[in-house]
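Data block below; observations after.
The values are calculated or read from the model by the stated rules, or taken from the named source; none is laboratory data. In this text, all values refer to a predicted model and were calculated from it rather than measured experimentally. Positions of Cβ are backbone-derived with ideal geometry, glycine not excepted, and every protein chain shown enters the neighbour counts. To get the accessible areas, we keep the full protein, side chains included, count just its heavy atoms, and leave off ligands, DNA and RNA. Shrake-Rupley method; radii C 1.70, N 1.55, O 1.52, S 1.80 Å.
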Amino acid sequence: AVAAAMRLGAFLSALRPALPLLLGLSLGCSLSLLRASWSHSAAEERCLAPGPPAPPARGAPPEAAEGRPGPSHEDFRPRIVPYYRDPNKPYKKVLRTRYIQTELGFHERLFVAVLTSKATLNTLAVAVNKTVAHHFPRLLYFTGLRSAKVPHGMVLVAHGDERPIWLMYETMNYIHQHFGSDYDWFYIMQDDTYAQAEQVKALVTHLSINQDVYLGRAEEFIGGDEQARYCHGGFGYLLSRSLLLKLHPHLDSCRNEILSVRPDEWLGRCIIDFLGITCVSQLQGQHYHTYELAKNTEPEKEEEEEFQAALAVHPVSDMTLMYRLHKQFSRIQLDRVYQEIQDLQMQIRNLTALTPAGEAGVTWPVGINAPFLPKSRFEVISWDYFTEQHLFSCPDGSPKCELSGASKADVSEIIESAVEQLNRRYQPLLRFSKRQLLNGYRRFDPTRGMEYTLDLLLEAATQKGHGHVLAKRVSLVRPLSKVEIIPMPYVTEATRVQLVLPLTVQDLDFVANFLDMFAMNTLDTHDNALLTLLFIYHPYDAQRVGQVDVFAGVKAMVGELEKRYAEVKIPWISVKTEVPSQVKLMDIVSKKHPVDTLFFLASVWTEINMEFLNRCRMNTISNWQVFFPVHFQEFNPTLVYRGEQTASSNTDFLRDGHFDRHSFAEACFYNSDYMTARTKLAADILDRDEVLESMEVFDVFLHYSGLHLFRAVEPGLVQKYTLRSCNPRLSEELYHRCVLSNLEGLASRSHLAMALFEQEQANST
């Protein structure tokens, strides 16, 4: 018994630390079982209780009363759509949409329609287009009858009838048919209305797209219901997409049943009668402010708060008044932005003082990113030195060039801004005027913008008229503004590429490698690319072509390729000339191909691959952009490796070399774009064909086309080292570029320095 008692005591002492845990688990399980039994019995009573169901809470939909989301939440509930394919029906390939936003059902935000007429199309409508059109993503003009000449840059839709009601009816039909599924909001205004575009865009961002919205300046019907309102057309009004979709089936009934003189009243009555929605001037906490202009109003003198807060102003009687309104509202908006910037800068200063860095943590200018801090000497951003007349860091590499064009305008503007800021800070005690720019420095910092440091020689005048000349250093920053995405036309990788390869006698040693790479990377992979050879005969060789054809070996290689690939034909064109001008050669090729041909003008040292051909297709856009890639040029292996084992071309992405910015031999462009630019060139030079010898295809597009010239480094276009032969009969500029390309393609500075060092050591011993 004593032993048993001792064992029990030992067991209890061992169990004592775990006793609270066991009691807690037991109590928790008991309460859970008890609560489950209560919930089950309550559910049975609710399900089995006789009589009608309990009414929902006041104001709540039936679905919400039952614990399920109501109709307003239906669009946001996830739905699983099971995939099912009828085995009895033939399989059809699924066609994907062109853009992902179409497949996901995304809509653009705002569409703007301007109602105009034949009489005001070239006056008020043009003024609207020049003041606000570039702020709206999509804007169309609707008129009954169109004039003989449509103003440039305006998309016009003519309905063929000047009756106001008919114009409104056809406009609503057109908007629903062409844009009803693409936009969330539709803003309709007249051409005698001035609208603050940025304010209208900001308004729609604060409104819910899930409601039927009819927003504008609410007006009473003449002799009608006191509760019903229509939106005055002169001040513009906003319609939601959901309202437009519901309204469209009733437009024909409205046209036949509703009589009205004013189109805005007719539309308002239609919306009220068939949808039961009246016009409102405020919705979801947003107000639609308007201002009615009186006769002989001076916009510059309007200081009323109602005027400054207006989204739309009406009536605008002429173009000049439209431009004056735009200037005044732009000034008001600019003052607001400057005030907001000052407030934000003050908040930044106050908050920075509370940080561990204290006031020393405030960067200049306040609110702009701090300057870029390089982590090594290779990341240091260099400063460019300039004066008022010259720039000492030139694009062509020369040490000094004349300041002109955009650079000259930039320097003049920054000097004026510096003097203006000094006067704003020190007036009325001092007034400064510029005498001379002593030194100027600028650099582009990608984290913040363009930075300037100016040493100015200034003349300071006091209030009493005393003058003094002094030098002062000022620092300025032109910060990066809002990034804009440039819209680009849609292109695909399915376009056929027509390679054009000019060949001279000096190129014969490299043709075999070019054809092998072409066959391996395009013919074997069945890439959509063709090749045309251009044999350039010297006049002496052309006379002896019957006895000795210098290109006979190349033609034999082409024949072997055509035998190996039965479906492939490689044509060639023979040309006789002493000066192989790139433009003259392209003229011959252009005439032998359709206008929609995509050309890739190649050189014999180019290694063709599918990756580059796809980029050629994507970067070249008909009637929009041409592509001039900068190929990667390998260095001379004798100087780079000096007897050591060369790098493997299969493992290295880019071997030892550089991007040859002096070469413009490779180009991707459409034949139609070349023909258009070439026609303008022909009209400019008339019959002076000798001018073509000093030009390249790049110069033709640069000076005689309005297309974008996309010039970028191309890592997929690699050329092995070779010493090119520069034709002295070409122009001085082309010959100079060829010589520079050869010199810079020898080796890097470090490799050249090592070669010179080894040579000096060998000579000294």
message = With every protein chain kept in place and ligands, DNA and RNA left out, what is the accessible area per residue of the stretch 102-328? Probe 1.4 Å, answer in Å².
response = 47 Å²
message = Using protein chains only and a probe of 1.4 angstrom, how many square angstrom of GLU611 are accessible, to the nearest 10?
response = 100 Å²
task = Whenever you get a sec, compute what percent of the accessible area on the chain sits on carbon and sulfur atoms (1.4 Å probe).
result = 56 percent
task = Could you tell me, in Å, what Rg and Dmax come out for the Cα atoms of the stretch 523-638?
result = 16.5, 48
FRET efficiency estimate (nearest 0.05) - Cβ-Cβ, CYS394 to SER475, R0 35 angstrom = 0.90
query = the stretch 553-632: which trypsin sites (Lys or Arg not before Pro) are DSSP loop and have at most 13 other beta-carbon atoms within 10 angstrom?
reply = LYS569, LYS592
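When only DSSP loop residues count, what trypsin sites (Lys or Arg not before Pro) in the stretch 392-483 have their Cβ near at most 12 other Cβ atoms within 10 Å?
On the way: sites: LYS400, LYS408, ARG424, ARG425, ARG431, LYS434, ARG435, ARG442, ARG443, ARG448, LYS464, LYS472, ARG473, LYS482; in loops: LYS400, ARG448, LYS464, LYS482.
Of the trypsin sites (Lys or Arg not before Pro), the ones in loops of the stretch 392-483 whose Cβ has at most 12 other Cβ atoms within 10 Å are LYS400, LYS464, LYS482.
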note = Working note, the chain: Cα radius of gyration (Å, one decimal) and Dmax (Å, whole number) are 38.3, 132
remark   = Expressed in nanometres to one decimal, the distance between label points 7 Å along Cα→Cβ at ALA360 and THR123 is 6.8 nm
note = Averaged per residue, the 1.4 Å probe accessible area of the stretch 606-750, protein heavy atoms only, in Å², is roughly 50 Å²
ask   = Any idea how far apart LEU752 and LEU373 come out in nm if each label point goes 7 Å out from Cα toward Cβ?
value = 3.6 nm
inquiry  = Given the DSSP H assignment, sum -39500 (n - 2.57) over each helix run of at least 4 residues in the chain and divide by its residue total; what's the result at 222 nm in deg cm²/dmol, nearest 500?
reply    = -11500 deg cm²/dmol
inquiry  = Given points 7 Å out from each Cα along the Cα-Cβ axis, report the LYS149 to ASN173 separation in nanometres with one decimal.
reply    = 3.2 nm
ask   = Rank TRP605, TRP364, TRP266 by accessible area, highest first, at a 1.4 Å probe radius?
value = TRP364, TRP605, TRP266
remark   = Of the listed links LYS118/LYS327; LYS130/LYS295; LYS201/LYS434; LYS408/LYS680; LYS400/LYS472, those spanning more than 32 angstrom between alpha carbons are LYS201/LYS434
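Want the number for SER382 to GLU562: 0.36 nm per residue separation, take away the alpha-carbon distance, what's left? Don't jump to the answer; show the numbers that get you there.
Numbers: separation 180, 0.36 × 180 = 64.80 nm, distance 5.46 nm.
Roughly 59.3 nm would be gained on extension.
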key: Scattering curve values for the stretch 497-752, log₁₀ I(q)/I(0), Debye with Cα scatterers, q = 0.08, 0.14, 0.16 Å⁻¹   = -0.32, -1.05, -1.38
query = Roughly how much of CYS738 is accessible, in Å² to the nearest 10, using a 1.4 Å probe?
reply = 40 Å²
task = State, as an integer percentage, the relative contact order of the chain based on alpha-carbon contacts under 8 Å between residues 6 or more apart.
result = 7 percent
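Pop the C-beta distance of ALA512 and LYS464 into the FRET formula with R0 = 56 Å and round what comes out to the nearest 0.05.
Working: r = 87 Å, r/R0 = 1.55.
Working from the Cβ atoms, E equals 0.05.
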task = Order ASP86, ASP184, ASP335, most accessible first, counting only protein heavy atoms with a 1.4 angstrom probe.
result = ASP335, ASP86, ASP184
Whole-angstrom gap from the stretch 339-410 to the stretch 191-261, using each part's C-alpha centre = 49 Å
ask   = What does the accessible area of MET675 come to, in Å² to the nearest 10, when a probe of 1.4 Å is used?
value = 80 Å²
note = Inverse of <1/r> over all distinct C-alpha pairs of the stretch 384-479, i.e. the Kirkwood Rh in Å, gives 14.4 Å
